[in-house]
Structure formats: structure tokens, C-alpha cells
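The block underneath contains the structure these notes are about, expressed in C-alpha cells.
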Amino acid sequence: MTHGGRPAPPRLTYERLLRHLDDQVASILPNQIVDPDHPEHGGFVSAQEGMAGMGQIGCAQSLGTAWLLEGSRYHGDPALLDRLERSAAFCRAIRRPSGRYDLATTNWDCGPYTAFMVQAIAPVVAAARNSDQEGSDRVGEVYGEIIRTAVPGMATGGFHTPNHRWVLTSALSQALTLYPDLDVASVIESYLAETIDINPDGEYTERSTAVYNAICNRSLRLTAEHFDRPDLLDAVRLNLDAAYRLLHADGSVVTSLSNRQDHGQQIIPVSMVDSYYALARVDGNGFYAAVADWLGSHQRAAVPWSLEPYLSHPEWRIDDLDREPLPPTYTHHMPASGVWRSRQHDTSATAATGISTPFSVKHGDIEVGVKICATYFGRAQFRADRLEETEKGISLTFDGAGGWRDAPGYYHPVGRPVTMDEYAYVMRERDYTAYDRLSMTLDIGQVPGGFDLRLCTSEPFNNIPLEILFAFSPGGTLHTDSLVADGEAGHTAFLRSGTATYHQGADAILVGPGAHAHRMRQMRNSEPEPNAFRLLTMLRLPVDHTFHIRTGTWSEATEAIQIDGGDNA
């Protein structure tokens, strides 16, 4: 079977995940404070914090999972049991009177952080209760006490962000399974009554493809299981389906859409493995299983969470589910999200509304983002307002509106004293002379080997400078007919005419033709790109400019790109 046109990755197996877990536990143990006279005795010290801060239960989750699972080299290890008890004692010592815990990097006496902790350790407690291994009663007791004591604080502590709601429903539902006498069902129902924040395209509110999508999916599937709400799995399926269409050929995911800290990062979303695999087994879905195999072939497969399905469902440790091949080529329109995706084997492209990189292409190890900006009243950074499918591809439209005034212009005096404190408020009273907005369209057509793009602008005034910026991932080499330059982060080059090819190893992307109507290296109101190699094409309004992006293989022998599906450039 092939995977995205390549040989399929090895199956995600219980035994392989155990090896990753054992390696993880071996790396965790030296970081636990074992001196009984130390004030943080039993805590785990992280390299990032230099203190026994966040991550305590995550470490205990790894240790507890390894201690319980047959096949781990730590299975039933008395020394590991002692470490688990020390960790539990530290967690009891640092909790607040509310039963809640501090997220020392930002949030104190925090119900949602406590819910993350309960969510992680509850499967260990449940498995310990079902184990006849000596010491398992003790594991269930000491960590069960942490869960039970945390419940009132979680139920009354509130939340900050959209995903916190589902983490809380998950943790409270898991606690209710362990302790049926808890009076928290009404709290869970109150959160779930808000309905799940997912659009028809499968995007959650935070659009966090590399971090919080996984958290939402995990939380909803655990709530579905423990609170008898199988309907919640519909949202999980919707997101899992969408998530595959946002993956590049190397397994990394589109993060330019995210509203959270993963924005713009290059990340392989291995934290999605547990939900892909769990839904694969629940639904008998070979596609989900194949995605879990693929993501699970990276970065230790995100243990211990990737082992939670096997810990909670021992029968799944024997896996005879047939895998489905993953499609290597597709186009996918997400109209509710304003997103369009295309993948052709090792090349993928993303177009989107609402972001300052309206189009980007990733080919192998190279990524290039296309950004457009003009010097027009600070209102001409192209962020598409609409995305529409066309016969050849898509069309992005930028209306040029912005601010509380829809059009740019100038304010007039009010003829009375205006204090410093009043200035901002009085602006709304002033007469206003409005000018035409600068609107733009970017038509993108998919052609063999790449894309043709046509940029057209309105003309509120002539001679307005405009730039097309190709923001390349750094580390490659730029070639033109007369120039070879290193593509270093923060450096800038101008494409005055003709084409340029940027390559890293054998991966190559060609862009052009260029133009040279001005030379504003750092154009005012244009977003900086300090982490990219900048290649600029300079125009002045009115603009009707067609340019090309082609992908292919670099030849050092010919110093040229072999375009995918085409001839030499």
C-alpha cells in the first residue's frame, strides 16, 4: 500500500509505542527530586522552567502508563511505583485550598489547568482499578484522591479560552465515571449546552491546527465516552477529516490560519494521533488508522497520549484493521472558513481569507508565502475578504476597507478646545473627507507544475507604490541568470525582471517575472518578515501583473529547475 504516493509508514502498534514510552520514562526519571529534605521533594524539574512547575501530572501519566502496561520494561517495577507515590505527594503539597493547581507560566488557582491534569491522570487511575498488579490499588488511591479533591474547584473555577470548556467537560466526565456520587452532571450539561464551536468545514474557533485541535478532539471523545454523548464524536470526525487536508507532504500542517501560539510554526501534529487512532477503532475507519500511522511515525508518536486508547481499551492492542491508502493529490475548498487547499504529491498550496499571506506554496523543504502591500493610507496590506472558486482555480478579493471609517481620508477641525484625553473620542465627531478605497483581486490558476497568478488593482490615485513579496523559508540558494545568493533570514533581494529559482537541496521553486518600478526595501505599512528570505517585485498603480510559481527538481549540472510535469526552465 502507498501513502500519499510514497511507501506507507510502519503501522502504529502497541509494541512500538511502548518502546517510545520506555525511552521517555528513562529521560524523565533523572529530573525528579528524590531528596526527602528538599522542599519540592517528588516534583519533576523541567529544563525550560528550572523548577518543579507545570508538567507534574504529565510526567506521572508517563510513569503510570509504563508501570501498568504489559510489555513495558517498567511494568510492575517497585522502584517506579515509589517514584509515582513521591510525585503524588508533591501534587498534594502544591495544590491550592480550592483543589486547583497553578499554571506557573501564567494562570493561578486555575480550573482549566487542573482539568488538563485530571484528564491526563484519570485513564491511569481507571486502569489501576482494573489491574491485579501488586501496588495498583495504591496508584488508584493516591491519584484518585487528587482527582476527587479537584472536582469542586473545576466545577466552579470557570475558564478562559474556547477549548477549556471541553477540557473541563472531559475531566469532570472522567471523574464522574470514577466517582459516580459526584454532583457535577449539571455543570457538564451547562457547558455542553453551549454547543460545540466547530464550523461546517471542521474548524474550531481557535483554528489551532498544531495544538488546540488535538485538545478539542481528545476532550470531546473522552466526554462522549464517559458522559454517554456519542453525538459529540461528530465534531471530532469533522475536524479529523479537515485536518488531513491541511497536512503537507512531510506531515507538517498549515498553521497560518491559527489564532494561537502555533501560528506560523512548522509543526507535525503528532498530538492528533490518539484521536485518529481511537476513532479508527470506534468506527472501523481505515483512513483514520492510516493517518495515525503516518503522524505516529514522527517524534516518538506523542506518547503517553498515543497509548491512552490502548490503556483504556486493552482489546485494541491487537490491531487487524485494514488501512486505506491516503490520497496524494486533491483540491479542497472550505467555504465557511475561506480556505482553499491543493496538493500534488510533494507540493501543496494554501489560499485563505483574512490573513496577510493570502497564498503560499510548500514544495519539499521549501515554503514561499506571497504577500502584497501598497503605500495607501496604511490600508493596503492584502488580506482577502472573499475567496471564490473559478474555472481555473480561485479568485481572492481585497476590498480595501478597514477601521471604523470604511474609506481612507482626512479629518477636519471641530472649532473648540480638545484636550488630550478627549482627542480619540472627538475623532468620531469630526467631518471627514473620504477617498476611494484601493481594492485588489488575485486570481490563481492551477497549471502543470505550479500556479499562474494575476494581480489587478483599482486606481484611487496613479503612481502608488506596490510590492509583491515572496517570503521564502531561509537556508536555500537564489539563482537568476546573473546572480547566485544565499537565502538568509532577514536578507532582501529585488527581482527586477525575468525569473528566479530558489532551491534547497533538490527542492526548487521558480517565481517571476519581476518588475522594478521602485526600490522601497522596507515599505511603510508592509509587514516585516525577519525570519524569511525576502524577494521583492516592485510595481506602481495601476497594476495588472501576471506572475508564475513553478515547483520542481534542481539540477546542479544545468543550474536550472526541472519543472514538475514540464520542461527545463
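Here is a yes/no grid of residues against (1) assigned to a strand (DSSP E or B); (2) among the hydroxyl-bearing types (Ser, Thr, Tyr):
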{"site": "ALA485", "(1), (2)": "yes, no"}
{"site": "GLY498", "(1), (2)": "no, no"}
{"site": "THR501", "(1), (2)": "yes, yes"}
{"site": "ASN525", "(1), (2)": "no, no"}
### Task
For residues that are crowded, with 17+ Cβ neighbours inside 10 Å and part of a strand (DSSP E or B), scanning just region 322-338, find the one that is nearest to the chain's Cα centre (by Cα).
MET334
### Query
Does at least one position in region 395-404 carry a residue that is assigned to a loop (DSSP other than H, G, I, E, B), out of contact with any strand residue (DSSP E or B) (no Cβ under 8 Å at 6 or more places or on another chain) and among the aromatic types (Phe, Trp, Tyr)?
yes
### Task
Search region 164-175 for residues that are assigned by TED's automatic domain parsing to the domain that holds GLY153 and pair each with any residue that is surrounded by fewer than 24 Cβ atoms within 10 Å (Cβ to Cβ) and among the small types (Gly, Ala, Ser) when their beta-carbon atoms are under 8 Å apart and the residues are at least 6 apart or on different chains.
LEU172/ALA155; GLN174/ALA126
### Query
Going by the structure shown, is ALA280 surrounded by fewer than 23 Cβ atoms within 10 Å (Cβ to Cβ), in a helix (DSSP H, G or I) and not β-branched (Val, Ile, Thr)?
no
### Message
Against the condition assigned by TED's automatic domain parsing to the domain that holds LEU80, closer than 19 Å to GLU85 by Cα and among the aliphatic types (A, V, I, L, M), how does ALA115 come out, does it pass?
### Response
no
### Query
Would a scan of region 339-353 turn up a residue that is surrounded by 18 or more Cβ atoms within 10 Å (Cβ to Cβ) and not in a strand (DSSP E or B)?
yes
### Message
Suppose the filter is touching a residue at least 24 places away in the same chain (Cβ under 8 Å), loosely packed, with under 15 Cβ neighbours inside 10 Å and not in a helix (DSSP H, G or I); does GLY158 pass it?
### Response
yes
### Query
Does VAL45 count as β-branched (Val, Ile, Thr) and surrounded by 15 or more Cβ atoms within 10 Å (Cβ to Cβ)?
yes
#### Entry: GLN61 among the polar types (S, T, N, Q), at pLDDT below 95 and either part of a loop (DSSP other than H, G, I, E, B) or closer than 18 Å to SER312 by Cβ (or both)
no
### Message
Quick check on ASP319: is it assigned to a loop (DSSP other than H, G, I, E, B), within 16 Å of GLU15 (Cα to Cα) and over 16 Å from the mean Cα position of the chain (by Cα)?
### Response
yes
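The values are calculated or read from the model by the stated rules, or taken from the named source; none is laboratory data. Bear in mind the structure is a predicted one, so any value in this text is a computation, not a measurement. So basically every Cβ, Gly included, is an ideal-geometry build from the backbone, and we count neighbours across all protein chains shown.
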